[in-house]
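Visitor: The structure under discussion is supplied below as structure tokens; questions concerning it will follow.
The values are calculated or read from the model by the stated rules, or taken from the named source; none is laboratory data. Here the structure is a predicted model, which is why all the values come from computation and not from measurement. Reconstructed Cβ throughout: ideal geometry from the backbone, glycine too, with neighbour counts over all protein chains shown. For the accessible areas, the whole protein counts, side chains as well, though only heavy atoms, and no ligand, DNA or RNA atoms are used. Shrake-Rupley method; radii C 1.70, N 1.55, O 1.52, S 1.80 Å.
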Amino acid sequence: MAEPSPAPTRSNEPASTKATYFWGNRTKSCLCLILLFAVLLGFYSSPEAHHVQGRRESLTLSEGDGHLDSCRIPEVPRLLYPKAQLLKPLRVDVLVMTPWFAPVVWDGTFDSALLDVQFRNTTIGLTVFAIKKYVVFLRLFLETAEKYFMVGHKVIYYVFTDRPADVPQIALQDGRQVVVLHVGNYRRWQDISMHRMEMISNFSRRRFLREVDYLVCLYVDMKFSDHVGVEILAPLFGTLHPGFYAADRQSFTYERRPLSRAYIPRDEGDFYYAGGFFGGSVPEVYRLTTACHQAMTADQAQGIEAVWHDESHLNRYLLSHKPSKVLSPEYLWDEQMLQRPPLLRKLRYVAVPMNHTEIRSR
């Protein structure tokens, strides 16, 4: 076998040439390091970097500003419950996991006893808007909430209304309260719907961050008809719209005009989410509602109103900010408009029959 050729050397070169070659390479290396250091120094001292850092710091809450312990993994005491069987899925008739590994919540996919222990020190805020004649739905809403919503947990009902004197007095469980937030009304129901995002955003910053761990944002013309508990809680969650849970994305009533900030092309979309049931941790709900409000304001400046108002902007946001949990249509259903399929074992939150034209016009 032939021996490999020796590597070329510079042994025959003059000493001055060797020195120049050596120090030239060393100088180039030093210059590269100096340039790299300058780039890094420039980034961290730039206004953009300070903006990013400031934005992060603005989202950091002190102990007095929020319930930071809600993010900790709680210790679970000894409980007796059935063991999960790896080879026996709890549901095989429905999708129980999104492509980004967010659970889809259906009856039979969770253990309420385990979850109640995990969230035992959690305070939940519920926002509901009872503007103009919609205040008539409040009594049934609150009475059924006390029977089915977050039973055994601390709850603050935030009622946004222009008619505080008409908010009914109902008996509440221990650790629960109704807070009436007096707000103005608007001529059109569409304006009320769109300004909901603005008001939730404003109050999240002003008080919700200090008072509750999670926010659940609901429509008022509904009633609870079965258990709705901490199984829904996640950093960010949305609910499948009952009219589109089985539809393909081409059928979704997204905003299709490219000029709108709510625009979603026909070849995009995961699910169609309902505007009547969404939520998450207070910081995440603040980000969502602020982004939607800003997008609607930008649309308004261009003379554009999204086809389904705040719901269109909610869907745009949840497309680019994937929810960490998705609620099945069990959590939002209309028995008058839709026939109940066998896969819906329970109807937890259902629409109340009403004359929409009459209610919205007053």
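Visitor: Within region 340-356, does at least one residue satisfy the condition of being without any contact (Cβ under 8 Å) to a residue 12 or more places away in the chain, out of contact with any Lys or Arg (no Cβ under 9 Å at 6 or more places or on another chain), exposed (fewer than 14 other Cβ atoms within 10 Å of the Cβ) and closer than 18 Å to Val220 by Cα?
Guide: Yes, region 340-356 has at least one match.
Visitor: Right, another one. Looking only at region 206-241, filter to residues that are in a helix (DSSP H, G or I), over 25 Å from Leu344 (Cβ atoms) and touching a residue at least 60 places away in the same chain (Cβ under 8 Å); which one of those is least open to solvent (accessible area, probe 1.4 Å)?
Guide: The residue in question is Phe208.
Visitor: Then there is this: Report every pair of residues separated by at least 6 positions or lying on different chains whose Cβ atoms are under 6 Å apart, first residue within region 128-145 and under 11 Å from Tyr157 (Cα atoms), second acidic (Asp, Glu) and open to solvent by 10 Å² or more (accessible area, probe 1.4 Å).
Guide: Listed pairs, sorted by first residue: none to list.
Visitor: I'm checking my understanding of the structure. Among residues of region 256-292 that are open to solvent by 30 Å² or more (accessible area, probe 1.4 Å), of a type outside the set (D, E, K, R) and part of a loop (DSSP other than H, G, I, E, B), which one is nearest to Trp100 (Cα to Cα)?
Guide: Phe271
Visitor: Given (1) at pLDDT 90 or above; (2) open to solvent by 80 Å² or more (accessible area, probe 1.4 Å); (3) of a type outside the set (Gly, Ala, Ser), where does Thr109 come up short, assuming only one miss?
Guide: For Thr109, the failing item is (2).
Visitor: Further, regarding this structure: Read through the list (1) surrounded by 19 or more Cβ atoms within 10 Å (Cβ to Cβ); (2) within 20 Å of Leu236 (Cα to Cα), then give the number of the only condition that Pro103 fails.
Guide: (1)
Visitor: Quick one: Thr253 ticks every box in (1) farther than 20 Å from Leu95 by Cβ; (2) surrounded by 22 or more Cβ atoms within 10 Å (Cβ to Cβ) bar one, so which box is it?
Guide: Only one criterion in (1) farther than 20 Å from Leu95 by Cβ; (2) surrounded by 22 or more Cβ atoms within 10 Å (Cβ to Cβ) is unmet by Thr253, namely (2).
Visitor: Also, I was wondering about something else. Could you list all residues from region 294-322 that are under 14 Å from Gly275 (Cβ atoms) and under 15 Å from the mean Cα position of the chain (by Cα)?
Guide: Asp310, Glu311, Ser312, His313, Leu314, Asn315, Arg316, Tyr317, Leu318
Visitor: Sticking with this one: Which one is nearest to Arg345 (Cα to Cα), of the residues in region 78-114 that are hydrophobic (A, V, I, L, M, F, W, C) and not in a loop (DSSP other than H, G, I, E, B)?
Guide: The residue in question is Val105.
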